[in-house]
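The values are calculated or read from the model by the stated rules, or taken from the named source; none is laboratory data. This structure is a prediction, so every number in the text was calculated from the model and none was measured. A quick note on method: Cβ atoms are made from the backbone with ideal geometry, for glycine too, and the neighbour counts reach across all protein chains shown.
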Amino acid sequence: MKSSLQEQPDQLESIFTKALTSNRLITQDAVLRSDYLPNKLPFRGLQIASLGEILAPTLHYSKPSNVLIYGKTGTGKTAVTKYTMNKLKETSIANQIPLAFIYTNARLCGTEYRLLAEMAAATNLQIPFTGLALTEVLSRLENHIRRQRSPIILVIDEVDYLVKTYNDDLLYNLTTLSERITPSFISIIGISNDLQFKDQLGARVQSRLSEEEIVFPPYTVPELASILKERATMALRQGSYTEAAINLCAALSASEHGDARRAVDLLRVGAETAEREGSEILEEKHIRLALQKIDQDRVNEALKTLPLHAKLLLLGAATASHPTQNYVSTGALYETYSNLAKACDIEPLTTRRASSILTELHTLGLLSAHLVNYGRYGRTKQIRPQISLDTIQKAFSEDPIIGTITTKKTQSPQTPTN
Ligand SMILES: Nc1ncnc2c1ncn2[C@@H]1O[C@H](COP(=O)(O)OP(=O)(O)OP(=O)(O)O)[C@@H](O)[C@H]1O
Ligand SMILES: [Mg+2]
């Protein structure tokens, strides 16, 4: 015991000395973080101009149209909106025009109440953390905005989360609130990466919210390469990366759709990998390693954030799957799932609800489902988990409910029964 204690300071000393003396590749960590807002956004001139045109009437006290901004993930929606808001804010301050700017993210807020509380806090209105009815919060907000007399530009990022979790009532209430406080107003900018989101809005909200729409196309490979070169120049030591590594980052990030977030993430993780290896230069091999790590992290994140019964069903599918053929019938899966749920003191869902969760897991790519016809013996669905049992167990090991059973042995039928 004593000797290991004595060994530790030396061990740490060498780690810390290495950190102090090594020539780091990354010189500006913040520039590679996902919340970094660059002061130039190339290839988004059209979208910036459209949003600017739509919001410009606020500078002469007129209410602009509400806007819906669409585009796949990593296409610059949040960056462009924040950038345009910042510029408008600078102009309004310079010209002493009263305008309040509020940025919210529906997913990060989590609840309608939190979203309203954030709006209130941004306009200096104190609202208790919980406890009030939504209508009460809305009415306090309305009175307060009336008194303050400064029109509001409200961004609701990831707005689809709000509508999917609740419905479109809050959006409706905010648009009608805006109509009641004329000549003041709340101008809403909704952002979504779900291109079908508009169809989930009722007609009354749809027409009010999407008075204007701006679409963000995915970036092309050369566009991503150019964005990455700009970042690398700012964030990495000069001469510490190859052009081939940057180009590979761009190509890999465009393999699904041109996603600038994935591109910057790959660059950061690649550079960190090279640093850890003690390499002087960021090369293609580091980007390939970074890709593996990022994909693994994504899968883990997706697994950890699944709802409870989805976790149980996925765990059931992986545990009950045929060891060599790697599939399980829905009947056997349901049985294993029910046993797992009971082991956690949870009431299993009905087969119908379980089946709709299986469809969601299929959509997420976590398992696949094929209908197999056995002729006169009928038909059955074969469920194949797409993630290994080991990965699933590791991801769930910290879950407060399932964590305790992931290490226990569970029933594992060897043949696909119905
Ligand atoms: N034109 C650009 N130039 C430089 N960096 C950009 C550009 N577009 C996006 N980025 C960077 O890429 C990352 C992702 O952009 P952003 O967060 O705006 O994507 P998003 O469209 O909002 O994605 P999501 O739908 O997932 O929220 C950010 O770090 C952002 O700074
Ligand atoms: Mg965004």
* Structure fact -> Taking region 70-91 and the residues there that are within 12 Å of residue 189 (Cα to Cα) and either among the small types (Gly, Ala, Ser) or touching an Asp or Glu at 6+ places or on another chain (Cβ under 7 Å) (or both), the one that is nearest to ligand 2 (Cβ to nearest atom) would be 78
* Asked: Could you give every pair whose Cβ atoms fall below 8 Å, whose first residue belongs to region 134-162 and is farther than 23 Å from residue 96 by Cα, and whose second residue is of a type in the set (Asp, Glu) and buried (at least 16 other Cβ atoms within 10 Å of the Cβ), counting only separations of at least 6 or pairs across chains?
  -> 134/112; 160/194; 162/112
* Asked: Can you name the helices (runs of 4 or more DSSP H) wholly within region 200-287 that have at least 3 residues being of a type in the set (A, V, I, L, M), within 16 Å of ligand 2 (Cβ to nearest atom) and closer than 25 Å to residue 45 by Cα?
  -> 260-277
* Restricting attention to region 32-42, does a residue exist that is within 23 Å of residue 151 (Cα to Cα), within 16 Å of ligand 1 (Cβ to nearest atom), of a type outside the set (Val, Ile, Thr) and touching a strand residue (DSSP E or B) at 6+ places or on another chain (Cβ under 8 Å)? -> no
* Quick check, is residue 113 part of a helix (DSSP H, G or I), in contact (Cβ under 8 Å) with a residue 12 or more places away in the chain and buried (at least 16 other Cβ atoms within 10 Å of the Cβ)? -> yes
* Asked: Any idea which residue in region 103-114 is nearest to residue 132 (Cα to Cα), counting only those that are away from ligand 2 (no atom under 16 Å from the Cβ) and of a type outside the set (S, T, N, Q)?
  -> 113
* Asked: Name the pairs: first residue in region 19-43 and more than 21 Å from residue 258 (Cβ to Cβ), second residue at pLDDT below 90 and of a type in the set (Gly, Ala, Ser), Cβ to Cβ under 8 Å, at least 6 apart or on different chains?
  -> 22/278
* Within region 246-255, can one find any residue that is more than 19 Å from residue 69 (Cα to Cα) and within 12 Å of ligand 1 (Cβ to nearest atom)? -> yes
* Structure fact -> Checking 136, 90, 142 in turn, the sole residue that is in a helix (DSSP H, G or I) and either crowded, with 20+ Cβ neighbours inside 10 Å or in contact with a Leu (Cβ under 7 Å, 6 or more places away or on another chain) (or both) turns out to be 142
* State the number of residues belonging to region 311-344 that are over 17 Å from residue 359 (Cα atoms) and either out of contact with any strand residue (DSSP E or B) (no Cβ under 8 Å at 6 or more places or on another chain) or at pLDDT below 95 (or both). => 16
